[in-house]
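The values are calculated or read from the model by the stated rules, or taken from the named source; none is laboratory data. Bear in mind that the values here come from a model prediction, so they are computed numbers and not experimental data. Here the Cβ positions follow ideal geometry from the backbone for every residue, glycine too, while neighbour counts run over all protein chains shown.
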Amino acid sequence: MDQKYIVSIKYLNHYFGNGALRKRVLSNINLEVKTGEIVILSGPSGSGKTTLLTLIGGLRSVDEGSLKVLDQEIRGASDAQLIKIRRHIGYIFQSHNLLRSLTAQQNVQMSIKLHENVPILEARRKSAAALEAVGLGNRINYYPENLSGGQKQRVAIARALVCHPKLVLADEPTAALDSKSGRDVVTLMQQLVKEQGCAVLMVTHDNRILDIADRIVHMEDGQLVTINSTAH
Ligand SMILES: Nc1ncnc2c1ncn2[C@@H]1O[C@H](COP(=O)(O)OP(=O)(O)OP(=O)(O)O)[C@@H](O)[C@H]1O
């Protein structure tokens, strides 16, 4: 298996709607994301960024072209194959999507339960360590309502990274945060993913965080228009 590319997309098209309402939202997308690389996907509202991210995440089915994640072709993949691929992906959304009735630690543990058959004590240890790594070692028993926006997004990062995914997909992770918290959250994410060696594809409108990327990919009207080599 060629592990150099975590994501490899060739001539991908995607459509929404049927008949006369059928609309092409992604056109001829070619993109590769390497192991350990942080790629930011930017572009105007409605240009297709989230659609592309959800296709890569195996969260919607691929219409045309080839989309490989960890060498597995997603187009036409069975449910079992998609579930297997999703186990290697960590998802971070705009809103933290934490379960309100669970503590920070239980939210992170939930992710471990979904991924692996780990004994409860081991899951507790791992989730506490993941929260420690995002600076929330003293908040593990807090419920989301008692955490700030930045802290909730840190829990979401711990939840996404606790099972050491090969790929992290992040959709506007700083959108709900003030500029300082947003910056802190992505800096932390950058540090942890580099330590773990996983690739990141992050959609963002936030120009203040572009410098964390190894590469910026710009999307307009469903097409990738420019690919800059590096933001540093
Ligand atoms: N489920 C859907 N059904 C029909 N059209 C959709 C659906 N989801 C998205 N679209 C359309 O597809 C296009 C791309 O949407 P998408 O959400 O991928 O863009 P985006 O670049 O992520 O936008 P934003 O930055 O505002 O989140 C838009 O024209 C949108 O209206």
**Item:** Hey, Ser95 in a loop (DSSP other than H, G, I, E, B), hydroxyl-bearing (Ser, Thr, Tyr), surrounded by 14 or more Cβ atoms within 10 Å (Cβ to Cβ) and out of contact with any strand residue (DSSP E or B) (no Cβ under 8 Å at 6 or more places or on another chain) or not
**Value:** yes
**Prompt:** Residue check, Asn138 against (1) more than 30 Å from Arg24 (Cα to Cα); (2) crowded, with 20+ Cβ neighbours inside 10 Å; (3) at pLDDT 90 or above, all met but one. Which one?
**Reply:** (2)
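Residue-wise test of (1) out of contact with any strand residue (DSSP E or B) (no Cβ under 6 Å at 6 or more places or on another chain); (2) part of a helix (DSSP H, G or I).
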residue: Leu26; (1), (2): no, no
residue: Gly58; (1), (2): yes, no
residue: Gly76; (1), (2): yes, no
residue: Arg125; (1), (2): yes, yes
**Request:** Would you confirm whether any residue within region 50-58 is free of Cβ contacts under 8 Å to residues at least 12 places away in the same chain, within 15 Å of the ligand (Cβ to nearest atom) and surrounded by 14 or more Cβ atoms within 10 Å (Cβ to Cβ)?
**Result:** yes
**Message:** Looking at (1) in contact (Cβ under 8 Å) with a residue 60 or more places away in the chain; (2) within 16 Å of the ligand (Cβ to nearest atom); (3) surrounded by fewer than 18 Cβ atoms within 10 Å (Cβ to Cβ), which one does Ser47 not meet, given that it meets all the others?
**Reply:** (3)
**Prompt:** Quick one: in region 196-208, which of the residues that are at pLDDT below 90 and away from the ligand (no atom under 15 Å from the Cβ) is nearest to Ser8 (Cα to Cα)?
**Reply:** Gly197
